[in-house]
Amino acid sequence: MLEFVPNFSEGKDRATVDALVAAMTAVEGVKCLGSELDASHHRAVVTLAGPAPAVAEAAFRGAREAMQRIDLRRHKGEHKRMGAMDVCPFVPIAGASMQDAVATAKAVGERIGKELGLPVFLYAEACARESRRKLGDFRNKEFEGLLELVGKDPEFAPDFGPARLHPSAGAVAVGARSFLIAYNVNLNTTDVQVAKDIAKAVREKDGGFAKVQGMGFFLDDKQLAQVSMNLLDFQVTSIRTVFDKIAELAKARGVEVAESELIGLAPAAALDAATAQHIRLPKFVPEEQIVEARLAALGG
């Protein structure tokens, strides 16, 4: 069994995301554990699981459907993006190894490049070059920047597919990784600089917590500033640890935490009811937010 968590550059149109999910779950054995849209980030995160061969087919179908439905020339959101299906990471679960996830990522990436004509960049444990291990080291150029770089700068030569961005669907980052928790903390302030400063203080690259990536955003829909994070290894830095630090830093600036957000799912070992209450998660429904409980509820 593998989990895969494709992120699509569409966070406002539920019908489009539903069509993407339908295309992927049409593959026998693939189950959708959840799909979430974020209008400010203009992004959808879909969590699916199934046997490796089925997951590989579903990921390809998701990329194909996104290519037909999403046009990055008309897309703008808070979150950085390079493609219609922006990223597609594979995560080993239920007895699978990281080698299984890497093999699947490479096979899917090669097929997307060959059959769909989309440039593919391998990242994380599937990376073919160390400069692409971290997604942000190349996706930070975004769709517009990569239009100028791919095909001209050897550093941005894709691992599979043509050496040019697709004019509307961009490129796809395909990878293999351990479980990542997408976790946000919303602050009771409209001052986005507070969130940016706190994000810098807690993220690893600026001397903060190990295995934490973070950025500060302003959420137009909620009129709040947000510290948006990826926790790359919750056993190294837990949700509660990073929440407590953010609350402390915010309080020092005279700002209170409004609430937390879990994007997608988390493992049972990372989040329980007591932690959810402590971090001000508005609702905690294990059958919807915990991987093991969700799989059990779906009969997986």
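The values are calculated or read from the model by the stated rules, or taken from the named source; none is laboratory data. The structure displayed is predicted, hence computed values, not measured ones. All Cβ positions, even for glycine, are placed from backbone atoms using ideal geometry, and neighbour counts span all protein chains on display. Please note that ligands, DNA and RNA were not included when accessible areas were found on the heavy atoms of the full protein model with its side chains. Shrake-Rupley method; radii C 1.70, N 1.55, O 1.52, S 1.80 Å.
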What pairs can you find where one residue is in segment 115-129 and part of a helix (DSSP H, G or I), the other is surrounded by 24 or more Cβ atoms within 10 Å (Cβ to Cβ), and their Cβ atoms are less than 7 Å apart, with a gap of 6+ or different chains?
LEU116/ALA63
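Of all residues in segment 80-114, which are assigned to a loop (DSSP other than H, G, I, E, B) and either in contact (Cβ under 8 Å) with a residue 60 or more places away in the chain or in contact with a helix residue (DSSP H, G or I) (Cβ under 9 Å, 6 or more places away or on another chain) (or both)?
If the condition is that a residue be assigned to a loop (DSSP other than H, G, I, E, B) and either in contact (Cβ under 8 Å) with a residue 60 or more places away in the chain or in contact with a helix residue (DSSP H, G or I) (Cβ under 9 Å, 6 or more places away or on another chain) (or both), then LYS80, ARG81, MET82, ALA84, ILE93, ALA94, GLY95, ALA96 are the ones that fit.
Given the criteria open to solvent by less than 20 Å² (accessible area, probe 1.4 Å), in a helix (DSSP H, G or I) and without any contact (Cβ under 8 Å) to a residue 60 or more places away in the chain, does VAL27 qualify? First the steps, then the outcome.
Details: open to solvent by less than 20 Å² (accessible area, probe 1.4 Å): yes; in a helix (DSSP H, G or I): no; without any contact (Cβ under 8 Å) to a residue 60 or more places away in the chain: yes.
Considered against the rule, which asks whether it is open to solvent by less than 20 Å² (accessible area, probe 1.4 Å), in a helix (DSSP H, G or I) and without any contact (Cβ under 8 Å) to a residue 60 or more places away in the chain, VAL27 comes out as no.
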Pairs please, first residue from segment 169-191 and closer than 25 Å to VAL150 by Cα and assigned to a strand (DSSP E or B), second anywhere and open to solvent by 10 Å² or more (accessible area, probe 1.4 Å) and among the aromatic types (Phe, Trp, Tyr), Cβ atoms under 6 Å, 6+ apart in sequence or on different chains.
ALA173/TYR123; GLY175/TYR123
Hits in segment 246-275 - residues which are more than 26 Å from VAL45 (Cα to Cα), in contact (Cβ under 8 Å) with a residue 24 or more places away in the chain and not hydrophobic (A, V, I, L, M, F, W, C):
ARG253, GLU256
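Residue-wise test of (1) over 25 Å from HIS75 (Cβ atoms); (2) in a strand (DSSP E or B); (3) more than 19 Å from the chain's Cα centre (by Cα); (4) among the polar types (S, T, N, Q).
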{"residue": "MET215", "(1), (2), (3), (4)": "no, yes, no, no"}
{"residue": "ALA225", "(1), (2), (3), (4)": "no, yes, yes, no"}
{"residue": "ARG240", "(1), (2), (3), (4)": "yes, no, yes, no"}
{"residue": "ASP244", "(1), (2), (3), (4)": "yes, no, yes, no"}
{"residue": "ALA247", "(1), (2), (3), (4)": "yes, no, yes, no"}
{"residue": "GLY254", "(1), (2), (3), (4)": "yes, no, yes, no"}
{"residue": "GLU259", "(1), (2), (3), (4)": "yes, yes, yes, no"}
{"residue": "LEU262", "(1), (2), (3), (4)": "no, yes, no, no"}
{"residue": "LEU271", "(1), (2), (3), (4)": "yes, no, no, no"}
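Condition check ((1) of a type outside the set (Phe, Trp, Tyr); (2) more than 21 Å from the chain's Cα centre (by Cα)) across all residues:
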position: ARG133; (1), (2): yes, no
position: PHE138; (1), (2): no, no
position: LYS141; (1), (2): yes, no
position: PRO154; (1), (2): yes, yes
position: PHE218; (1), (2): no, no
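Applying the selection to segment 121-130, what residues are among the hydrophobic types (A, V, I, L, M, F, W, C) and either farther than 16 Å from ALA101 by Cβ or open to solvent by 70 Å² or more (accessible area, probe 1.4 Å) (or both)? Break it down stepwise before answering.
Here is the first cut: in segment 121-130, the ones among the hydrophobic types (A, V, I, L, M, F, W, C) are 121-122, 124, 126-128.
Once the filter is applied, which keeps residues that are among the hydrophobic types (A, V, I, L, M, F, W, C) and either farther than 16 Å from ALA101 by Cβ or open to solvent by 70 Å² or more (accessible area, probe 1.4 Å) (or both), segment 121-130 yields PHE121, ALA128.
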Return a yes/no flag: does segment 186-203 have any residue that is modelled with pLDDT of 95 or more, in contact with a helix residue (DSSP H, G or I) (Cβ under 7 Å, 6 or more places away or on another chain), open to solvent by 10 Å² or more (accessible area, probe 1.4 Å) and small (Gly, Ala, Ser).
yes
